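S.K.: Before I ask anything, here is the structure I am working with.
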Amino acid sequence: MRRAKLARFQSLLQTELPRLEPPIMFGDSIRDLFRSDPACLVGSARKRREDLLDAIVCAVVGWHHWVNGGQESQVVGDRETGFIVVPRTRPV
């Protein structure tokens, strides 16, 4: 089940990030990453893929926060004890 969820997560990133406004365009290395099936990975190779996908999400959230001047994200915490930036949900 973990492999299937990782593959789904990767697929969602590949299809949804270009739909953001402004869209996220991928370079060759990220396109190559998305072309390979993460469900085939095991052990440290799978962990590396998980970490890369997490890093993509973190970079996109930070970029989105910066591009939108913090208007579409929320900062939880503070500089003294640490914080995280999370996107705000939009009503459906």
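S.K.: Give the shape of the stretch 40-85 as rounded, prolate or oblate, defined through the alpha-carbon gyration tensor: a ≥ b ≥ c are the square roots of its eigenvalues, a/c under 1.5 means rounded, and otherwise the shape is prolate if a/b is larger than b/c and oblate if not.
M.R.: oblate
S.K.: For Arg19 and Val61, what does the FRET efficiency come to when R0 = 22 Å and r is the distance between their Cβ atoms, rounded to the nearest 0.05?
M.R.: E(calc), rounded to 0.05, equals 0.90.
S.K.: What's the FRET efficiency of Arg35 with Arg2 using the Cβ-Cβ distance as r and R₀ = 22 Å, to the nearest 0.05?
M.R.: 0.60
S.K.: Continuing with the same structure: Mind telling me which of Val76, Val67, Val57 comes out most flexible in a GNM of the chain, alpha-carbon contacts under 10 Å?
M.R.: Val76
S.K.: Sticking with this structure for a sec: Compute the Cα gyration tensor for the chain, then decide on rounded, prolate or oblate, letting a ≥ b ≥ c be the square roots of its eigenvalues: rounded whenever a/c is under 1.5, prolate when a/b is larger than b/c in the other cases, and oblate in all that remain.
M.R.: Prolate is the answer for the chain, as a/c is 1.5 or above and a/b outweighs b/c.
Throughout, read-outs are computed from the coordinates displayed, never taken from laboratory work. Note that the structure is a prediction, hence the values are computed from the model and not measured. Glycine also receives a Cβ, built like all others from the backbone with ideal geometry; neighbour counts cover every protein chain displayed.
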